[in-house]
1. Could you list Ser381, Ser180 so that the one with the fewest beta carbons within 10 Å of its beta carbon is first and the one with the most is last?
2. What is the spin-label model distance, in nm, from Met280 to Val364 if the labels are put 7 Å beyond Cα along the C-beta direction?
3. Which of Leu34, Leu378 has the fewest other C-beta atoms within 10 Å, and how do the rest follow up to the most?
4. Would you be so kind as to identify which of Val113, Phe495, Leu401 lies farthest towards the positive end of the dipole of the chain, taking Lys and Arg as +1 and Asp and Glu as -1 on Cβ and the Cα centre as origin?
5. If each DSSP helix of 4+ residues adds -39,500 (n - 2.57) and the sum is divided by the residues in the chain, what number results at 222 nm, nearest 500 deg cm²/dmol?
6. Antiparallel as a % of all DSSP beta bridges within the chain, to the nearest 5?
7. Give the aspartates and glutamates reachable from Lys140 as a straight Cα distance under 20 Å; neighbours fewer than 8 places away on the same chain don't count.
8. For the charge dipole of the chain, defined by +1 on Lys and Arg C-beta atoms and -1 on Asp and Glu C-beta atoms about the Cα centroid, which residue among Pro163, Leu86, Gln33 has the Cα displaced farthest towards the positive pole?
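We did not get these values from a lab; they are worked out from the coordinates using the rules stated. Since the model is a prediction, treat every value here as computed from it, not as a measurement. So basically every Cβ, Gly included, is an ideal-geometry build from the backbone, and we count neighbours across all protein chains shown.
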Amino acid sequence: MVEGLPASGVPAAQVLAEVRRLRAADRPTHGGQLFAYVYDPAVPGLDELAHSAYALSAQVNGLDPTAFPSLLAMENALVGAAASVLGGGPGSSAPEVVGSVTGGGTESLMLAVKTARDACADVEAPRLVVPATAHAAFAKAAHYLGVVLDLVPVSPETLRPDPADIAAAIGPSTVLVACSAPSYAHGVVDPVAAIAEVAAAAGVRCHVDACFGGWTLPYLRRLGVAVPPFDFSVPGVTSISVDLHKYAYTPKGVSVLLHRDAGLRREQYFASAEWPGYTMVNPVISSTRSGGPIAAAFATLRHIGDTGYLELARTTLAAVRGLAEEVAGIDGLRLLAEPEATVVCFRSADPALDLFVLVDELTVRGWHTQPQMAYGNLPSSVHLTVTAAVAPRVADFGADLRAAVAAARAAGPVRLPAELLALAGALTPEQLTPELVAGMAAGLGVGGAAGAGGDPVAAEDGSGSSAPLPERTAMINTLLDAAPVRLRERLLVEFLSLLQRPSY
Ligand SMILES: Cc1ncc(COP(=O)(O)O)c(C=O)c1O
């Protein structure tokens, strides 16, 4: 008898019912009420199409494109579309652009860093220069690849780095400079042209992380938005990443990493004939990869098409402007930046209005927003990733935001016990034992049934699928906000480790 497996097979309908029961605890992926993690175009029939295409290719293995030419053809089509959206391809100033499909933005960034690092094999201690607002995936890439990360501060007013500071940060060991178009946290486009220029002047590659907005910025520009140059039209930009599973609205697991030419891509590949099996040759980190996400992305791009994406951008732009207006009209809230892409990000401008309490008040009204901790010279904020599905909900959100602000004011700011705050400020990550974290988690009501082991589907009453976080998280967020970044990281690692327990 194997624990964790049913003794005999469970009928298909029952298994699906179990999955549905588990899914009921999740945040809503559709309907425009979740302002992070999901990208919903609200196009009728699109899910069904993508899922059918996914199913057709789910068993196909991207390990060997000669065995499965369908996958190669679909990958090349995705890369071609991404290249032309981003200023490359026939008739452009970057006709030789090549690329690969990866499993996501983080993988694309890791490969961009690896490629640049390996192209500078003579540099002993390679370094990567990015603005402090660059996505944390660069920190992960640096960590995994043994590259030192040089963070360049941004102005608290513009949320952009000064290109002169980027230039000053570049040294003889810098293998890559990267910037964002736009940044995830605030939706701000870095001064790409000036950054690429200082990188090129130093003979260093420049990667543009357009994972988040690379698919929307060109369409927003076509709608008249003043989008600064950020793509291959900018000399000095050597590679660009764009996630199709974000604003190309494909199912999860698809990003594209583009290089200006094949020579710049060479070090991305890995090959090994150093074993008795097949010679391994991989363009990306995974070896075996399912054809499902690629086929689903292929179907999605073809079904939506150029005019479809333009219309989705138009709808999203209206939603962004509407939400920004709602926020700007509320006393005590302030936009952190004028939206120039598809993020609305705001902060509290009144000490009596606690953002983390506001986030909870929105949650109880059915709106799931993303709180962001204070970092360096930047205040805590609330992030809204806006997609086309939000457009019909703007007025509802505005009304609930006003009500939530009133409720948050009435409740007042979170007051953590002074000892706990002092502990958060003074504790070092090394002092944080699993027992201490477990005690804190229990005290804060964190780590519900999903983290407690047991049979995940046994409970008919749904308790087996209860969320691991309480509905109100302001206390937790206040504690994390008070903790220095290393402690913040460690607390969340320990918390995740508490949740990741086998269930039997
Ligand atoms: C700008 C940017 N870069 C990279 C990433 C990482 O992408 P993923 O979560 O697909 O690995 C994100 C994700 O939000 C992003 O917004």
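1. On the way: Ser381 22, Ser180 29.
The most exposed by this proxy come first: Ser381, Ser180.
2. Computed distance between label sites Met280 and Val364 equals 5.2 nm.
3. Values: Leu34 23, Leu378 20.
The order, fewest Cβ neighbours first, is Leu378, Leu34.
4. The Cα lying farthest towards the positive end belongs to Leu401.
5. Values: 16 runs with 201 residues, N = 504.
Value at 222 nm, helices only, nearest 500: -12500 deg cm²/dmol.
6. On the way: 25 of 42 bridges.
Of those bridges, close to 60 percent are antiparallel.
7. Partners within reach: Glu107, Asp118, Glu124, Asp150, Asp209, Asp243, Glu267, Glu489, Glu494.
8. Value computed over the given set: Leu86.
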